[in-house]
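Peer 1: Starting off with a structure, shown below.
The values are calculated or read from the model by the stated rules, or taken from the named source; none is laboratory data. Model, not experiment: these values are computed from the prediction. Note: ideal-geometry Cβ built from the backbone for every residue, glycine included; neighbour counts use all protein chains shown.
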Amino acid sequence: MVEQPFPQPTLKRVKTLVKQEPEKPDGIFSRVVATMWNPPLLASGAVGGPIVIYAVTPMRNALTLAADDSKSSYVQLYRKIFKDGIRKGWTGGQIMMPAAVPQFCILGPFFHVWRDLLGGSAAAAILATGTSETLIAFGSETRNAQMAIGKQGTLHNPLIPFGPGVIYHVARNAVAMSGLRVMSAPCQHLIEGLPIPMTLHAREISSDLMANLIASALSMPLHQLYSFSVISAARGDLKGASLGKQAQMAGQFLRKQFFIEGTLIPSKLAARDVALRCTYNASIFTVYGFIERGFIRMWEQAT
């Protein structure tokens, strides 16, 4: 894995925002504070995070329904989301907003904290950041998923950061964030080599979008395994099932959902779910990257 900071297009700007001492501060706490204190990145997480995560609620709900629906097309899933009115498409979105503040702060400066503490390894930092994100967002996202499928009665407590599907949730987060963490810079270099005149802003957005589409496609099976686990648990299908039995059920779900029966040829459902995941995940990271750059440029002008 090629190590690149996040977001790569703004690295030079970010470095100019925080005057670093020649040597790192002594002590873990001092190093964390020195790395975390980046006003524009923290502001973009606190303001942009909740806005973005609420805006994509219909996309997230469509993904959840897809894990339980092997017949509906991409368009039909969205029709189900909005069948009871436009507002119903945002069911559960408000549950996600409070957790989005620390969640999106983690997507920015906290990655650099982990990379510093883990000896400069981007791969280890991505996994650690993905785990941190799960500790914050798993409870609220699981409750949102239950609301999306119309579960009645007791819902998952948004303050509990574990449950069925938590391992898939961590792995999904790590793969999804690798788009901007790792792939954005190579994509920008590729775009710069094309004989197409583009402004800096256009190159930044295009490279982010390309990287996020790749990461979205790679993370799709993990996201659907998480959704499958949450839905199965909500219906009581996992009650009393051992870890081995749960793994067997997950494997059966993958084969049924993404491959033509008896073959290893991807099914139409695989293409549908890749499209759903790309719509959701690429929208989050691309729009958030745009918001973050805006905060950084405003901070530069103000200081």
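Peer 1: Out of all the residues in the range 251-303, which are more than 24 Å from MET177 (Cβ to Cβ), surrounded by 15 or more Cβ atoms within 10 Å (Cβ to Cβ) and of a type in the set (Gly, Ala, Ser)?
Peer 2: SER267
Peer 1: Here is a follow-up. Part of a loop (DSSP other than H, G, I, E, B), more than 14 Å from the chain's Cα centre (by Cα) and within 22 Å of ILE53 (Cα to Cα) - does that describe any residue in the range 122-145?
Peer 2: No: zero hits.
Peer 1: Separate question: Considering only residues that are of a type outside the set (D, E, K, R) and farther than 22 Å from ALA215 by Cα, which ones fall in the range 121-147?
Peer 2: Of everything in the range 121-147, those that are of a type outside the set (D, E, K, R) and farther than 22 Å from ALA215 by Cα turn out to be GLY139, SER140, ASN144, GLN146, MET147.
Peer 1: Here's another thing I want to ask about it. From the list GLN257, GLN301, which residue is in a helix (DSSP H, G or I), free of Cβ contacts under 8 Å to residues at least 12 places away in the same chain and farther than 27 Å from ASN157 by Cβ?
Peer 2: Going through GLN257, GLN301 in turn, the sole match is GLN301.
Peer 1: What is the residue count in the range 131-146 for residues that are over 11 Å from VAL230 (Cα atoms) and of a type in the set (A, V, I, L, M, F, W, C)?
Peer 2: 3
Peer 1: Of all residues in the range 59-113, how many are assigned to a helix (DSSP H, G or I), more than 15 Å from the chain's Cα centre (by Cα), farther than 28 Å from SER30 by Cβ and β-branched (Val, Ile, Thr)?
Peer 2: Result for the range 59-113: 4.
So that you can scan it fast, the table gives a plain yes or no per residue for (1) in contact with a strand residue (DSSP E or B) (Cβ under 6 Å, 6 or more places away or on another chain); (2) on the phi > 0 side of the Ramachandran plot; (3) of a type outside the set (Val, Ile, Thr); (4) modelled with pLDDT under 90:
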site: SER73; (1), (2), (3), (4): no, no, yes, no
site: PHE82; (1), (2), (3), (4): no, no, yes, no
site: ILE86; (1), (2), (3), (4): no, no, no, no
site: GLY108; (1), (2), (3), (4): no, no, yes, yes
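Peer 1: Does the range 136-162 hold any residues that are touching a residue at least 12 places away in the same chain (Cβ under 8 Å) and surrounded by fewer than 16 Cβ atoms within 10 Å (Cβ to Cβ), and which are they?
Peer 2: Going residue by residue through the range 136-162, those that are touching a residue at least 12 places away in the same chain (Cβ under 8 Å) are 136-149, 151, 155-162.
Those that are touching a residue at least 12 places away in the same chain (Cβ under 8 Å) and surrounded by fewer than 16 Cβ atoms within 10 Å (Cβ to Cβ): ASN157, LEU159, ILE160, PHE162.
Peer 1: Further, regarding this structure: Can you tell me which residue is nearest to ILE53 (Cα to Cα) among those in the range 269-287 that are modelled with pLDDT under 90 and out of contact with any Asp or Glu (no Cβ under 9 Å at 6 or more places or on another chain)?
Peer 2: Out of the qualifying residues, it is ILE284.
Peer 1: Please give the helices (runs of 4 or more DSSP H) falling wholly within the range 152-247 in which 1 or more residues are basic (Lys, Arg).
Peer 2: 166-178, 200-234
Peer 1: Kindly indicate whether SER216 is within 30 Å of CYS105 (Cβ to Cβ), of a type in the set (S, T, N, Q) and crowded, with 19+ Cβ neighbours inside 10 Å.
Peer 2: yes
Peer 1: Just name the residue that is surrounded by the most Cβ atoms within 10 Å (Cβ to Cβ) out of those in the range 36-82 that are polar (S, T, N, Q) and farther than 21 Å from MET97 by Cα.
Peer 2: Here the residue is ASN38.
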